[in-house]
Structures are given as C-alpha cells and as structure tokens.
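Undergrad: Dumping the structure here so I can ask a few things about it.
The values are calculated or read from the model by the stated rules, or taken from the named source; none is laboratory data. None of the values given here were measured: they were computed from a predicted structure. Here Cβ is always computed from backbone atoms with ideal geometry, including for glycine, and neighbour counts include all displayed protein chains. Just so you know, the surface numbers come from the protein's heavy atoms only, side chains and all, with ligands and any DNA or RNA stripped out. Shrake-Rupley method; radii C 1.70, N 1.55, O 1.52, S 1.80 Å.
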Amino acid sequence: MATQPAEGPSCVPARTHHPDLDDWSDASSRAALQLLVESVALMVGFDVATLSVVIDDDLVTVAYAGPEQHREAVLATDSVAILEPVVAAAESWGRFRFLRAEHHDGHLDGTWVRIETPVAGDDTDPQERWDPWDVLLALLTDAAGQVVGVLSLDGPLDGRRPDGVRRDLLERYAAHVEQALLSARDREEVGQRAARAQATHHLVRSTLAPEHQTPEELLEAALPLLVEGFAADAACVQLLDPAVAVPIHSRDGEPLRAPRSLRVIARALGPELVGPPRALVLRAGEPTRALAAHPGLDAHGQRLLQATSMGSALAVPVLRGTTYAGICVLSRAPGAGSWSPVDQQAALVVGGDLGTALAVAQVRQRERALLRELQEVDERRAQLIATLTHELRGPLTVVSGNLELLGMLGHPEPAATFEASIGRGVAKMRGVVDDLLRLAQADDRQRASLRTRVDLGALVRDVVGLYQATAGVAGVALEVGPGDPQAATTGDPVEVERLLDNVLTNALKYTDAGGRVVVSAERRGGEVALVVADDGIGISPEDQAGLFEPFVRSSDPAALRRPGTGLGLSIVAGIAQRHGGRVEVDSALGRGTTVTVVLLGCD
C-alpha cells in the first residue's frame with residue numbers, strides 16, 4: 001500500500017511480495033484493474049494510485065500507477081490491521097477516509113511511501129493545501145460490509161486537498177473500482193470452487209470405491225488426492241479412534257510420522273471446530289486468534305508446523321453426521337500461499353465426506369469380519385456333517401449286513417415282521433446319511449469337482465426315462481416338455497444329474513395320482529435353465545421362505561404325510577451355487593410348483 005511517508009521505530013516490517021499475488025484472480029482481471037487504477041489517477045489528477053486487496057489478513061497490492069522509483073516499496077505486503085488507527089482518526093467521505101497531517105504525529109504502522117507533491121499557489125487557503133503527511137484512501141467492501149480492498153491516492157497534481165466536486169468524482173471512481181474488484185474476486189472464487197468441487201467429487205468417488213477394504217486403505221488413497229486437489233504440500237487425518245492411524249502424506253510421496261502434537265490437537269480441537277463446523281488456519285510464528293483462550297493448544301499447533309516444516313495449515317473436523325470423529329489437516333510450505341475462504345469451505349465439505357466414507361468403510365469392515373465368521377461356521381458345519389455321516393455309515397453298513405444274514409436264515413412270524421421293520425428303519429437312516437453327505441459335498445466350495453460340457457437336453461431325456469416306471473406306478477404323467485435340445489452348461493455331470501434328480505423326485509412325491517410333471521431344458525440368452533413343473537399340492541408363501549434351508553419341511557399337513565428329510569432342495573441350491581447358478585420357485589397351494597434351476601450356458 002502506498003500513500004505517505006512513515007519514519008521511525010514504529011514502522012512494522014513488511015514482506016516485499018505476497019505468495020498469493022501471482023495466483024490471485026486471472027491475468028485479464030488484473031490487467032483490467034491496472035487500467036482502471038491508471039484511469040483514476042489520470043482523471044482525478046493524482047500522481048500516485050494503488051489498489052490493494054485483502055488476502056486472509058494481509059493487504060496485497062495488485063495495481064499501481066505512479067513513479068517507477070516507488071514501485072518496489074508499494075508492492076510490500078502489510079497487515080490489514082494497520083488501517084484501524086487510520087480509519088479511527090480519519091474523516092469519512094463516503095467510501096473514502098481522509099486523515100489530515102495535523103491529526104497524527106507521522107508515526108503510522110506499516111509501509112508508507114513519501115510522495116513529493118507540487119505546492120499550491122500562495123493564494124490557496126492553508127487548510128486546502130495538500131500536506132505530504134495527508135492520507136487518502138477508500139475502503140472497498142462487499143455486500144456484507146467486509147473490507148475486500150483499499151484504493152489509495154497521493155500527490156494531487158494541483159497540490160490541493162480534494163474539494164466537494166473532486167470528492168464526488170472520487171466517490172464515483174471508487175464505486176467503479178469496487179465493482180471491478182468484486183467481479184474479479186467472484187471470478188477467482190468461482191474458479192477455486194470449480195477446482196475444489198472437482199477435487200472433492202474425485203475424492204468421494206475414490207474413497208467410496210469397494211476396493212478400499214479398511215479405513216486405513218481409504219485414508220491412504222484419500223490423502224494424495226487432498227494434497228493434489230488443495231495444492232497442499234502435506235495432508236494428514238488423525239481420528240479419535242486409536243486403532244486407525246496412517247502417516248502424514250507429503251507431496252514428494254515420503255510418509256512422515258505423525259507427531260504427538262497432532263494427536264493432542266485432534267482430541268482437544270473438537271469443541272472448537274464443531275457446532276457449527278468451522279475451519280481453523282494456523283500460521284507458523286503467528287498466534288491463532290481463534291485459540292487465544294487456549295494458548296497451550298495454540299502452542300501444540302505451532303509445534304505441529306515446526307515438526308512438519310510447514311508454513312501454514314488448515315484444520316477441519318472429520319464428522320460422522322454431527323459427531324466429531326477427528327481432524328483433517330492440510331499443510332503448505334512457507335511461502336506457498338494462504339488458505340482462501342473457498343479452500344476453507346471446500347475442506348469442510350471434504351471433512352464431512354471423509355467422515356461418511358470412513359463410517360461406510362468401518363461398516364464394510366465389520367460386514368467382512370462377520371462374513372468370515374459365518375464362512376468359518378459354515379465350514380465347521382460341513383466338516384461336522386461329513387464326520388457324522390462317515391461315522392454313521394460304518395455302523396449302518398454292519399447292521400444292514402447282519403439283517404441280510406438274518407434274512408437268509410429264515411424266521412417264523414413275528415420275528416420276520418420285526419426284521420422287516422428294522423430293515424426299513426436302516427434304509428431310511430441310510431437315506432438320511434447319504435443326503436447329509438451330498439449336502440456337505442454341495443456346500444463345500446473348496447472341494448474340487450469335474451468341469452466338462454453337460455448336455456442338458458440329453459440329461460432331461462435320460463432322467464425322465466429313468467423315472468417313468470416310478471411315475472406310472474404313482475399314476476402321474478411324466479413328460480419331456482418343449483425346450484432347446486441343444487441347451488448345455490459346463491459343470492460336474494454327476495452333480496448336475498443329482499440336482500435334476502432331486503427336483504424331479506420332489507415333484508413326483510408331491511403330485512397326486514392323475515397329476516402331471518413336465519421336465520424341460522431351455523436356453524435363455526447366455527444362460528440355460530432346467531425347468532420342472534408339476535400340478536401337485538403346491539407350497540404356501542410362508543413355507544417358500546425357508547424352502548432351501550436344511551431339514552426344513554412344509555407345514556402343510558398334506559406334505560407332511562409324505563416321507564422326506566428336508567434336505568433335497570438344500571442339496572439342489574448348494575449344487576447350483578457351486579456352478580454359479582441359482583434356483584427359482586413359483587408355487588401356490590393347490591396350483592402346483594415350478595422349480596427353475598438357472599445355470600451358465602455354453603456352446
């Protein structure tokens with residue numbers, strides 16, 4: 001900022017170039033502002049005109065019109081706080097503030113440039129003469145009344161302080177400059193929002209991807225995106241959950257160990273960052289205003305910047321809904337630029353998205369753990385069934401063999417009746433044991449099985465032919481229905497035949513005399529289907545819910561009167577799953593049942 005001289009020890013050293021100046025707005029906007037400032041100086045008659053914008057808490061000069069020897073000093077960056085004493089003592093002229101030289105002692109904080117001005121004629125009232133110590137500046141504000149820039153003028157060419165006519169002209173030009181500045185700022189914010197929105201969108205899509213199995217994997221994928229999307233030099237997330245921890249990700253890809261100060265800040269900053277959520281900017285070597293009441297916490301923030309060799313940091317809460325879960329910290333190296341309001345708002349959105357993504361990841365992690373447990377239980381169940389069937393088959397074989405020997409000896413009644421009864425019981429138990437073994441085999445996804453082409457049309461014809469006699473005895477018409485005789489799948493021929501065998505025997509069992517069962521093989525796009533339709537007693541909707549569960553039988557009295565173990569359709573479902581297929585059932589009481597086994601087709 002350039003207006004007047006300031007000399008003596010009260011001057012505050014200023015930076016010669018602000019790191020955000022080169023990136024502020026676009027080149028065309030800066031050129032337009034430069035042209036406008038030059039026009040103001042020319043049209044209003046001043047030797048020097050400067051335009052400074054507020055970036056964070058700094059005044060940064062973006063346009064200058066005046067002698068070249070003053071340019072370097074004018075480009076110095078000052079704190080916006082240097083305006084407070086000037087504004088407090090100055091006269092108010094609309095947007096402008098005029099501080100007369102006689103109203104201050106010349107010791108003003110900040111960088112001020114002494115401009116030698118022409119001396120007004122002797123006939124000029126001393127009160128109207130411009131004094132080199134005079135200060136004239138316009139406060140440019142947004143719709144909320146916040147100062148967004150300062151237009152400074154010095155060195156009137158006529159050596160006079162502005163009169164009423166010139167003040168009106170100054171006010172009109174200041175309004176034009178203010179509007180141009182707001183337009184440039186809006187374009188800058190729109191560009192930043194678009195960039196941050198794209199980065200945020202990319203982050204959300206990436207972190208919610210299913211390949212990120214754990215919260216740690218999610219954060220390891222998210223941190224590089226945050227560094228890139230926010231033009232940061234490092235990013236880290238510290239959660240309250242000590243079980244989740246990842247190193248700080250730096251732009252060069254070198255992981256940094258999170259210092260203890262980060263964990264302290266994550267625990268203590270919760271109340272400061274929520275209700276409503278807000279961002280916190282930390283700067284190396286500067287106290288943080290928002291933490292004025294917490295000097296110890298501010299000290300930890302400074303230690304964090306020191307430990308990571310960063311010049312500034314932006315901290316936002318990681319929220320799961322409205323619950324504080326931790327902190328996300330983005331850092332920039334010294335001189336790399338400050339954190340704009342758009343940066344802060346976008347980071348707040350990212351903090352919420354990260355919290356949601358982490359919650360989803362943890363739910364997925366719990367689901368995977370539960371699935372592993374269920375798989376282990378299922379494997380133990382299959383092992384138990386296999387062990388039991390093996391142990392039962394031996395004694396049953398012995399009992400069955402001895403019954404055959406007894407039968408060869410011949411026994412008078414009632415011993416022969418008892419012998420026959422025992423034989424039926426052994427046969428029933430053997431059927432149950434065989435079904436249990438088939439169920440264990442069907443459920444065992446680790447068991448290797450033969451994979452070859454299975455001609456479903458030929459299989460249907462063979463199985464139907466095998467059961468024609470049984471169906472005839474029961475008075476049931478068994479037919480091969482229309483379908484695709486070329487339908488085929490790839491799988492274990494023995495298992496696919498067992499699958500069809502179980503579905504067909506079920507249909508025959510629950511179809512009364514005079515009924516009809518139709519079996520067909522069909523092609524459905526890239527899939528094939530084995531379809532068994534009957535007009536038997538049917539299945540109620542309630543019973544269909546547990547139809548494929550082991551040992552579950554229908555609650556219908558008509559079905560319970562027919563023998564069965566409740567394992568047949570469980571075996572069917574297990575074999576279908578092992579072959580990448582599925583089982584569909586369409587049934588109603590009294591209407592019959594259609595069971596469709598859908599498998600992958602092949603040529």
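Undergrad: Note down the accessible area of Arg451, probe 1.4 Å, to the nearest 10 Å².
TA: 110 Å²
Undergrad: Given H placed 1.01 Å from N in the peptide plane, which residues other than close sequence neighbours of Asp233 have an amide H under 5 Å from its amide H?
TA: Ser331, Arg332, Ala333
Undergrad: Let me ask another. Using the beta-carbon distance between Ser309 and Thr214 and R0 = 30 Å, what value does 1/(1 + (r/R0)^6) give for FRET efficiency, to the nearest 0.05?
TA: It comes to 0.50.
Undergrad: Let me ask something else about it. Tell me, what % of the accessible area of region 295-380 is carbon and sulfur with a 1.4 angstrom probe?
TA: Using a 1.4 Å probe with all protein chains present, region 295-380 comes out at 57 percent carbon and sulfur.
Undergrad: Next up: Give, rounded to the nearest 20 debye, the magnitude of the charge dipole that region 53-157 has about its Cα centre when Lys and Arg contribute +1 at Cβ and Asp and Glu contribute -1 at Cβ.
TA: 240 debye
Undergrad: Rounded if a/c is under 1.5, else prolate if a/b is larger than b/c, else oblate: which is region 460-536, with a ≥ b ≥ c the root eigenvalues of its Cα gyration tensor?
TA: Taking the square roots of the gyration eigenvalues as a ≥ b ≥ c, region 460-536 is prolate.
Undergrad: Run the 1.4 Å probe and let me know the accessible area of Arg320, rounded to the nearest 10 Å².
TA: 80 Å²
Undergrad: Hey, another quick one. How much solvent-accessible surface does Trp133 expose, in Å² to the nearest 10, with a 1.4 Å probe and all protein chains in place?
TA: Number for this one is 70 Å².
Undergrad: Would you mind classifying region 289-382 by shape? Square roots of the alpha carbon gyration tensor eigenvalues, ordered a ≥ b ≥ c; an a/c under 1.5 is rounded, otherwise it is prolate if a/b is larger than b/c and oblate if not.
TA: It comes out prolate by the Cα gyration axes.
Undergrad: Find how much the distance from Ala73 to Arg100 grows on full extension, using 0.36 nm per residue of separation minus their present alpha carbon separation; answer in nm with one decimal.
TA: 7.5 nm
Undergrad: Can you classify region 296-336 as rounded, prolate or oblate using the Cα gyration tensor, where a ≥ b ≥ c are the square roots of its eigenvalues, rounded means a/c under 1.5, and otherwise it's prolate if a/b beats b/c and oblate if not?
TA: Here region 296-336 falls in the oblate category.
Undergrad: A further question on this structure: Mind listing the phi-derived Karplus ³J(HN,Hα) values for region 334-347, rounded to whole Hz, using 6.51, -1.76 and 1.60 with θ = phi - 60°, and x for any glycine or proline?
TA: Per-residue couplings from phi come out as x, x, 8, x, 9, 9, 6, x, 5, 4, 5, 5, 5, 5 Hz.
Undergrad: Further, regarding this structure: Report, by chain and number, residues whose modeled amide H sits under 5 Å from the one on Arg320, excluding near sequence neighbours (fewer than 5 apart, same chain).
TA: The list, which skips near neighbours in sequence, is Ala325.
Undergrad: Post the alpha-carbon centroid distance, region 22-61 to region 286-339, in whole angstrom.
TA: Computed from Cα coordinates, the inter-centre distance equals 32 Å.
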